[in-house]
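To keep things clear, I will list the structure first and then write my remarks on it.
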């Protein structure tokens, strides 16, 4: 007999009350919702220990992933973080004030700017990603590597169906 979780208990109760319904979606998505809460808590803790707000992480990590020289235009940052231009301007201003990024003239277009990750910003985001990977590995410790790969493939398939 396998172990049961809270979702099993909820679905069991619903099956008794409404045996006419298929509760298999609830079995999947309720677990995803509960796991998402654990992930949110772990990420908030990582960002707090890294002295970063989640929105700061979004911008800094986008710049870090861009590779050397770790710079993107505000438009590119907008596309990666899905916020409005006014919000992005405010975020860049606040990151400049913290010394994590700087604005530089775009050498290819004198009217445009590039947002560049500073050394302090790179150190901060590198420490945060190390903590994040460690925390997320802890969350998945009950799964083997093949299980994680299979789950990643299934979640990718589901995600792509929403993006289509």
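The values are calculated or read from the model by the stated rules, or taken from the named source; none is laboratory data. Everything numeric here is computed off the predicted structure, so don't read it as measured data. Counting neighbours? That spans all protein chains shown, and the Cβs are built from the backbone with ideal geometry, glycine included.
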Self-check item: Within the stretch 100-114, tally of residues that are assigned to a loop (DSSP other than H, G, I, E, B) and buried (at least 16 other Cβ atoms within 10 Å of the Cβ)
Solution: 1
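For the stretch 1-91, list the helices (runs of 4 or more DSSP H) that sit wholly inside it and hold at least 3 residues that are in contact (Cβ under 8 Å) with a residue 12 or more places away in the chain and more than 20 Å from the chain's Cα centre (by Cα); which are they? Lay out the reasoning, then the answer.
On the way: elements: 6-17, 24-49, 54-65, 74-81.
The helices (runs of 4 or more DSSP H) meeting that bar are 6-17.
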Practice problem: Could you give me the residue pairs with C-beta distances under 8 Å whose first residue belongs to the stretch 141-164 and is without any contact (Cβ under 8 Å) to a residue 60 or more places away in the chain, whose second residue is part of a helix (DSSP H, G or I) and surrounded by 11 or more Cβ atoms within 10 Å (Cβ to Cβ) wherever it lies, and which are 6+ apart or on separate chains? | Solution: 143/151
Quiz item: Before we move on, is residue 74 surrounded by 14 or more Cβ atoms within 10 Å (Cβ to Cβ), in contact with a strand residue (DSSP E or B) (Cβ under 7 Å, 6 or more places away or on another chain) and more than 18 Å from residue 53 (Cα to Cα)?
Solution: yes
Quiz item: Which one of the conditions (1) modelled with pLDDT under 95; (2) exposed (fewer than 12 other Cβ atoms within 10 Å of the Cβ); (3) more than 17 Å from the chain's Cα centre (by Cα) does residue 97 fail to meet, given that it meets all the rest?
Solution: (1)
